[in-house]
Amino acid sequence: MTLTPLPFTNETIDALPGSAGLTERRHAAAAALAETPWPTTEAEEWRYSPIGKLDVTTYPPVAAPGPVRPVDLADAVEASARVAIVDGFVVHTDASDPVAIADAATNQLGDLPVAAFSLLAAALAPQPTVVSVAAGAAVAQPVVISNLVTTAGSSFPHVIVEADSDSEVTVVVVHQSADVTALCVPRIEVRAGSAARVTLVELQDLTRDVTCLGRVSATVADQGTFTGWTAGLGGGFARHRLDCTLAGRGSAIIYNGAYFGSGVQARDYRVFVDHVGRDTTSNLRFSGAVDDHSLAVYTGMIRIHPDARGSNATQTNRNITLSPDAWAESVPNLEIENNDVQCSHASTVGPVDEDQLFYLASRGVPDDVATQLIVAGFFDDIISASPVAPLADAARRDIRRRLSMGEPS
Amino acid sequence: MATLQIENLWASVGRTEILRGVDLTVASGEVHGVMGPNGSGKSTLAAVLMGRPGFTVTAGSITLDGIDLTALSTFERARAGLFLALQHPIEVPGVALRDVLESAAVARGADPALVGAAMVTEATRIGFGESFLDRALNVDLSGGEKKRNETLQMGVLEPKIAVLDELDSGLDVDALRLVSRRVEEATSERSLGVLAITHFSRLFDELKPDFVHIFANGRIEASGGLELVEQVEAEGYGGWVDQRSETTVTFGGLSDDPFADPFA
């Protein structure tokens with residue numbers, strides 16, 4: 001275990017905005033990070049990933065936001081409130097009751113994380129921001145967050161969504177970038193209160209020289225529901241980690257993910273759901289396609305804690321391999337410590353179904369067109385699950401474009 | 001006029017020979033009924049005609065108007081005018097029938113803008129609810145609905161020759177009548193040639209074949225008219241099945257059956 005040098009100094013931290021308490025927390029995170037080795041593929045949660053090729057020291061933290069530019073996809077969504085983040089800095093907010101947007105107070109950030117990249121983010125996130133929704137409020141239109149990467153180096157956006165009891169809100173996050181070589185480490189935390197209904201809709205459409213190590217953490221209180229949808233399309237090495245704790249009785253997570261790899265993209269999904277409370281429900285569906293020389297990894301760990309009786313967990317991961325040089329790995333896991341539960345998981349990896357191809361060909365559809373139709377259809381149930389139409393349409397367009405044009409590796 | 005000509009066709013699945021010298025000619029406007037017992041290779045014939053993966057032609061020829069179909073891909077056979085209604089239509093999640101038929105229209109140089117109206121017309125002709133047209137291909141359709149869906153596609157695609165593999169299975173009496181009438185109308189309106197495969201004679205109560213063929217032992221053992229249907233009804237297929245030709249698996253050449261009773 002070698003400790004890789006850090007891409008920043010104490011002076012880097014002191015130059016960041018925020019309170020003295022926040023600066024102190026950043027230094028504590030940096031100190032902890034100095035004692036923490038960077039992950040390697042020897043760790044199960046990074047297995048099969050190209051983490052070994054990532055040299056963090058080549059990505060110095062971006063010191064100030066680059067120029068603001070429109071993010072068409074985010075702007076296309078009608079919003080109740082907006083947050084514009086550029087290179088990790090919040091450059092614009094617009095919110096009114098019942099939504100409030102503010103810099104996070106130190107006590108809203110919780111304990112220091114353990115994992116290396118989470119510590120890196122805790123040390124360097126310039127403006128952790130809290131989006132809060134008042135108790136009992138149903139927010140009519142989504143809260144739309146654009147995360148724009150415009151500058152070479154590393155950036156650390158951090159958004160916390162606090163939905164008070166019995167509130168309802170949809171949060172849309174669009175990740176886009178200029179054509180730069182960058183590392184983006186976004187952190188999104190969702191805290192769903194009692195009977196709160198939080199929906200998080202994410203579209204990652206970064207350019208190919210951006211490495212994205214994203215993490216969504218959610219805790220759901222009793223009778224609360226966290227609904228997630230994500231489309232992973234852009235980036236080079238793009239990791240999406242989801243941690244969800246179903247803490248309260250009757251809480252639930254419903255999560256749909258779609259991803260497409262082309263060229264030499266690496267898509268890396270790690271999903272951890274903890275059923276802590278009784279009668280909790282998880283329903284995870286991830287569907288992906290890999291073309292050219294791309295790779296995709298899905299590992300899911302559903303853990304049913306001893307007290308979580310009456311829990312119900314389903315997990316599905318399906319992969320289509322469109323090229324002999326593309327590769328997908330699927331590892332759904334279950335750890336069950338209570339007998340009174342219903343759990344199922346399924347995973348598939350394989351080329352386009354031969355029978356389906358034959359069927360369409362027998363109608364007079366050429367093989368290449370048949371493949372396009374079948375793969376687009378394969379994604380249909382996941383894509384259609386997006387509650388935000390412009391993002392679903394964008395994902396559909398992207399998938400169809402890749403299928404009809406192909407892409408050089 | 002179109003002619004599908006099958007001459008001395010031999011085909012296998014893996015190392016098992018299923019078709020053993022099939023001879024059959026189907027011309028425009030004709031309805032040929034092929035009857036045979038389970039396992040005789042009828043569905044293999046349908047699959048081989050359409051070029052389904054997993055089946056290998058080892059001898060003989062299939063031509064459509066002189067064009068060698070065995071050299072063509074499935075798509076090319078369809079474009080040449082051959083259609084297969086599958087015994088078990090494949091479910092294709094997320095793919096709309098309309099997209100498939102429009103893509104097929106584009107591929108054969110037809111106007112895709114006409115497909116939508118043609119689908120509605122065909123659905124009406126066979127009593128198929130229009131609500132089914134928006135469903136993903138064959139997903140959540142009953143057996144009978146899938147067969148109507150196949151018939152609808154045959155109507156829209158306007159092939160020269162249609163191979164109907166057990167089109168009757170899954171259809172109730174009323175649906176069978178509507179579907180059979182639609183096929184017959186296609187033979188008279190557009191001179192569709194039909195090769196209808198079944199193991200029940202009830203299809204031929206509705207769809208009157210001009211020629212009846214008894215399929216057994218991987219080939220056509222008898223050809224004639226409707227009197228053959230009556231003969232099957234009365235006597236079964238027993239008289240045509242050649243016991244020696246039943247598929248047997250040999251193990252290392254030592255014995256035909258390693259589990260055979262040595263004292264028999």
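The values are calculated or read from the model by the stated rules, or taken from the named source; none is laboratory data. On a predicted model such as this, the values are computed, not experimentally measured, just so you know. Don't worry about glycine lacking a Cβ; one is built from the backbone with ideal geometry, like all the others, and counts go over all protein chains shown. Calculation scope for accessible area: heavy atoms of the full protein, side chains included, ligands and nucleic acids excluded. Shrake-Rupley method; radii C 1.70, N 1.55, O 1.52, S 1.80 Å.
A few remarks follow.
- Some residue of segment B:84-92 being over 28 Å from B:Ser142 (Cβ atoms) and either free of Cβ contacts under 8 Å to residues at least 12 places away in the same chain or in a loop (DSSP other than H, G, I, E, B) (or both): no
- Qualifying positions in segment A:370-403 - facing chain B (nearest Cβ under 8 Å) and surrounded by fewer than 22 Cβ atoms within 10 Å (Cβ to Cβ): A:Ala376, A:Gly377, A:Asp380, A:Asp381
- Boolean, B:Leu82 is open to solvent by less than 50 Å² (accessible area, probe 1.4 Å), more than 8 Å from chain A (Cβ to nearest Cβ) and either under 26 Å from B:Arg15 (Cα atoms) or more than 16 Å from the chain's Cα centre (by Cα) (or both): no
- A:Asp243, sole failed condition from (1) closer than 18 Å to A:Glu335 by Cβ; (2) open to solvent by 10 Å² or more (accessible area, probe 1.4 Å); (3) more than 17 Å from the chain's Cα centre (by Cα): (3)
- Which listed residue is modelled with pLDDT of 95 or more and β-branched (Val, Ile, Thr), from A:Val62, A:Val71: A:Val62
- Residue check for B:Asp65: within 26 Å of B:Glu189 (Cα to Cα) and open to solvent by 10 Å² or more (accessible area, probe 1.4 Å): yes
- Of all residues in segment A:341-361, those that are within 31 Å of the chain's Cα centre (by Cα) and either within 14 Å of another protein chain (Cβ to nearest Cβ) or not in a strand (DSSP E or B) (or both) total 5.
- Residue within segment B:22-45 that is within 14 Å of chain A (Cβ to nearest Cβ) and either aromatic (Phe, Trp, Tyr) or touching a helix residue (DSSP H, G or I) at 6+ places or on another chain (Cβ under 6 Å) (or both) present: no
- Close pairs from segment B:217-246: first assigned to a helix (DSSP H, G or I), partner open to solvent by less than 80 Å² (accessible area, probe 1.4 Å) and modelled with pLDDT under 90, Cβ under 7 Å, at least 6 apart: B:Val229/B:Ser201; B:Val232/B:Ser201; B:Glu233/B:Ser201
- All of (1) open to solvent by 10 Å² or more (accessible area, probe 1.4 Å); (2) under 15 Å from the mean Cα position of the chain (by Cα); (3) under 22 Å from A:Asp72 (Cβ atoms); (4) not aliphatic (A, V, I, L, M) hold for A:Gly235 with one exception: (1).
- Hits in segment A:253-268 (condition: of a type outside the set (A, V, I, L, M, F, W, C), open to solvent by less than 10 Å² (accessible area, probe 1.4 Å) and part of a strand (DSSP E or B)): A:Tyr255, A:Gly257, A:Tyr259, A:Gly261, A:Arg267, A:Asp268
- With respect to (1) open to solvent by less than 30 Å² (accessible area, probe 1.4 Å); (2) part of a strand (DSSP E or B); (3) in contact (Cβ under 8 Å) with a residue 40 or more places away in the chain, the lone exception for A:Arg215 is condition (1).
- Scan of segment B:102-132 for residues that are touching a Lys or Arg at 6+ places or on another chain (Cβ under 7 Å), in contact (Cβ under 8 Å) with a residue 24 or more places away in the chain and either surrounded by fewer than 18 Cβ atoms within 10 Å (Cβ to Cβ) or within 12 Å of chain A (Cβ to nearest Cβ) (or both), ordered by number: B:Ala104, B:Ala107, B:Arg108, B:Val115, B:Arg125
- Scanning segment B:59-79 for residues that are within 11 Å of another protein chain (Cβ to nearest Cβ) and in a helix (DSSP H, G or I) yields B:Thr74, B:Phe75, B:Glu76, B:Arg77, B:Ala78, B:Arg79.
- Of the residues making up segment A:271-318, those that are within 24 Å of A:Thr348 (Cβ to Cβ), open to solvent by 40 Å² or more (accessible area, probe 1.4 Å) and assigned to a loop (DSSP other than H, G, I, E, B) number 1.
- Among residues of segment A:192-210 that are more than 21 Å from A:Ala392 (Cα to Cα), those with a Cβ under 6 angstrom from a residue that is polar (S, T, N, Q) and crowded, with 19+ Cβ neighbours inside 10 Å, sequence gap 6+ or separate chain, pair up as A:Ala195/A:Gln223; A:Ala196/A:Ser167; A:Val210/A:Ser177.
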